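Each remark here refers to the structure printed beneath this line.
The values are calculated or read from the model by the stated rules, or taken from the named source; none is laboratory data. Given the structure is predicted, the values throughout are model-derived calculations rather than measurements. All Cβ positions, even for glycine, are placed from backbone atoms using ideal geometry, and neighbour counts span all protein chains on display. Quick note on the areas: whole protein, heavy atoms, side chains included, nothing else; ligands and nucleic acids left out. Shrake-Rupley method; radii C 1.70, N 1.55, O 1.52, S 1.80 Å.
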Amino acid sequence: MFRFFENMVDPYVDYPEQNTPPTALWPFFRDYSKPFKKVFVLTGIMSIIVAAIEIGLIYYMGRLVDLMKGSPSEIWQTYGTEFIVVALFILILRPALQALDVLLLNNAIMPNYGTLFRWRAHRQVLRQSVGWFEDDFAGRIANRIMQTPPAAGEVVFQVFDAISYSLAYLIGAAILLTTSDWQLLMPLLIWFALYAALTNWTIKRVGVASKAASDARSEVTGRVVDSYTNIHSVKMFAHHDREVNYTKSAIENARKTFQQEMRIFTVMDVCLVVLNGFLIVGVVGWAFFLWSTGHATVGAVTAAAALTLRLNSMTAWIMWALSTFFQQLGVVAEGMETIAQPITLVDDAGAKRLKLTDGRVEMEGLSHHYGRGSGGLDRVDLVVKPGEKIGLIGRSGAGKSTLVKLLLRFYDPEGGRILIDGQDITKVSQDSLRQNIGMVQQDSALLHRTIRENILYGRPDASDANVIAAAKQAQAHGFITDLADADGRSGYDAQVGERGVKLSGGQRQRIALARVILKNAPILLLDEATSALDSEVEAAIQETLYGMMEGKTVIAIAHRLSTIAEMDRILVMDQGRIVEEGSHDMLLANGGLYADFWGRQSGGFLTTEDEAR
């Protein structure tokens, strides 16, 4: 039975991905809720039926009181069958209908709605560009992805568990009082008008206050995660107290915003008690007066009293449900600031897969300044022939990394274009482009998974033998076999920790090299690929690096000039442009920037800009 309701909606059902999702709250909800449309309608109907049953029970209690005027034997003789039918309804049919209501809500909707929301939100965010992630806290993004789905689920829950039920209940209460005496409706209507005014006052304030509190919580999460992610820097510079104070200011802001939110609920609760007092005195007192003048039966007074006491107990729940509803809407609205942002770096409408034949790379008038008008690249023209090995050097900020990022299409160029085998990379799919490029970065951060999984990231369908061969080629197999984590897993099954923190820099670098070796892409980018290796390991791995390059088009960035001295051609960049190019011997003979770098470096590293000058 549970499985039937749990499988009524598939949270992973296919859907059209949108580059510009709805940014308004209700269209956003409507778009995510499409798979639940039929279930929502059925659940709404069941909420109305359950509310009608509750009103019917109160009505019948009043009828029962009126029927008790005669002798018990006459009552049983006349109404015995009716009593049995009602009893059977209460014992059998009423639980069945309520079970259907809660099964739809608790089992069909709640687990699947939050799952669908989180799944689609995560997929949408992962489609964003690298630059988009660089402009925000990873902790804040993750917090919004985690807190928005349960908030959305709570919104849906309150719609069917409280709002639709309570509306149906209030309408039923009005009908019940009218059937007893229309005058009983008057105090209920006055109370309802005041209750609606209080609800409106609460809603206007709680949504804004909730969004502010949610923003503040996300800020706390962002700062906490930032400290934890950079714990080595925190400890190394002995800035424990500084980080505590940095986070404390965000925590204090979260406390103050939450205080403002709770003040609204306190005012609401106090006003609600006063209003409910009016409801009890107004309806029950008026019913008692009508009875005393002969215009209402004892049953009508009993039903009115029971209904009023039930409404009295419900109103706080309804108000809290409404407040929670709009409070969670505020959380969703805050989450939408991340989830509903448009995807700006997208595949062309007619994008095809990159057809790589030779590995020829051409850059024509390539410019990119990150929207600042300066820095980055400035009108770079470059042709890298198939199988050619290019070394790229220059001071920090010269544009080397920007060139590599544009080649990977982490950004679209502000001017010019890049061609691979004659194909504009903005006209092919991003996945096919990156599948044909292998890259080893200076910061070789690993996934918090096993050694095997990290290496397999290069080619997920590779065999264990392929993984071990790649590790051996990267001079990594020896230390991998000696690894063990805190849970007793060893070798290739050992976990590396967040960003590979349990490994040394050199070990991380060799795992990253093994991953790229396994990928075996025809275009190879090396950004300080041996920067984290000691001289002995670097010497041992140089042969591996040159073996990796064989038959590939290679662009290698290096500050340690010895690593690129044997490249086919070396490019020197300065202020976003290529200012020198040629072989190592040719550039030394020219006596330009490269010769200056070579003469001034110590231990194979470039000097700083001031020292070079």
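Per residue of the chain, the DSSP helices (runs of n ≥ 4 H) give a summed -39500 (n - 2.57) that works out to -19500 deg cm²/dmol at 222 nm. Binning the alpha carbon pair distances of the range 79-197 at 10 angstrom intervals from zero yields the distribution 11, 22, 22, 21, 13, 8, 3, 0, expressed in whole percent. Choose one of Gly371, Ile418, Gly394: the residue whose Cα lies farthest towards the positive end of the charge dipole of the range 363-428 (beta-carbon charges +1 Lys, Arg; -1 Asp, Glu; about the Cα centre). With unit charges placed on the Cβ atoms, the residue in question is Gly394.
Excluding same-chain neighbours fewer than eight residues apart, the lysines reachable from Lys472 by a Cα-Cα span under 19 Å are Lys519. Positive end of the dipole of the chain (Cβ unit charges, origin at the Cα centre): among Trp182, Asn276, Leu126, the Cα lying farthest that way belongs to Trp182.
Largest accessible area first, the residues Tyr79, Tyr228, Tyr169 order themselves as Tyr228, Tyr79, Tyr169 under a 1.4 Å probe with ligands, DNA and RNA left out.
Here the dipole of the range 175-263 is about 200 debye; that uses its Cα centre as origin and unit charges on the Cβ of Lys and Arg (positive) and Asp and Glu (negative). Which longest run of the chain has no exposed loop site in it, a site being GluC sites (Glu not before Pro) in a DSSP loop with at most 15 other beta carbons within 10 Å, and the site itself not part of the run? Between exposed loop sites, the widest span is 18-413.
Past the 19 angstrom mark, what percentage of all C-alpha to C-alpha distances in the range 182-320 do you count? Cα-Cα pairs in the range 182-320 separated by more than 19 Å: 65 percent. Per residue, the convex hull around the alpha carbon atoms of the range 546-598 comes to 85 Å³. Just how large is the dipole of the chain about the Cα centre, in debye to the nearest 20, putting +1 at every Lys and Arg Cβ and -1 at every Asp and Glu Cβ? Computed about the Cα centre, the dipole is about 1240 debye.
Entry note, the chain: relative contact order of 14 percent, from Cα contacts under 8 Å with a spacing of 6+ residues.
Distance from the alpha carbon centroid of the range 373-411 to that of the range 217-236 works out to 32 angstrom. Would you mind calculating the relative contact order of the range 348-495 from Cα pairs under 8 angstrom and at least 6 residues apart, reporting the percent as a whole number? Rounded, it is 23 percent for the range 348-495.
Kirkwood analysis of the range 442-520, using all unique Cα-Cα pairs, places the hydrodynamic radius at 11.9 Å. Cross-link partners of Lys256 among aspartates and glutamates, defined as those whose alpha carbon lies under 14 angstrom from its own and excluding same-chain residues fewer than eight positions apart: Asp215, Glu219.
When the pairs Lys211/Lys235; Lys355/Lys389; Lys400/Lys552; Lys385/Lys502 are compared against a 29 Å limit on Cα-Cα distance, Lys211/Lys235; Lys385/Lys502 fall above it.
Altogether, the Stokes-Einstein calculation at 10 °C and 1.306 mPa s, with the Kirkwood radius of the range 287-361 over Cα pairs as Rh, returns a diffusion coefficient of 83 µm²/s.
Residues in the range 383-454 average 37 Å² of solvent-accessible surface per residue, probe 1.4 Å, ligands and nucleic acids excluded.
Ile48 contributes an accessible area of around 90 Å² to the protein surface, as traced by a 1.4 Å probe with all chains present.
Here's the picture: charge each Lys and Arg Cβ at +1 and each Asp and Glu Cβ at -1 in the range 1-123, and of Ala87, Leu105, Gln77 the one pushed furthest to the positive end of that dipole is Leu105. Other residues within the sphere of radius under 15 Å centred on the Cβ of Met236, judged by their own Cβ, net out at 0 (K and R +1, D and E -1).
For the range 31-124, a crude dipole built from +1 on the beta carbon of Lys and Arg and -1 on the beta carbon of Asp and Glu, taken about the Cα centre, is about 720 debye to the nearest 20. Per-atom-type breakdown for the chain gives carbon and sulfur 58% of the accessible area (1.4 Å probe, protein chains only). Look at where the Cα atoms of the range 127-151 and of the range 495-516 average out, and the two centres are 25 Å apart. In the range 244-300, one over the average inverse separation of all distinct C-alpha pairs is 15.1 Å, which is the Kirkwood hydrodynamic radius.
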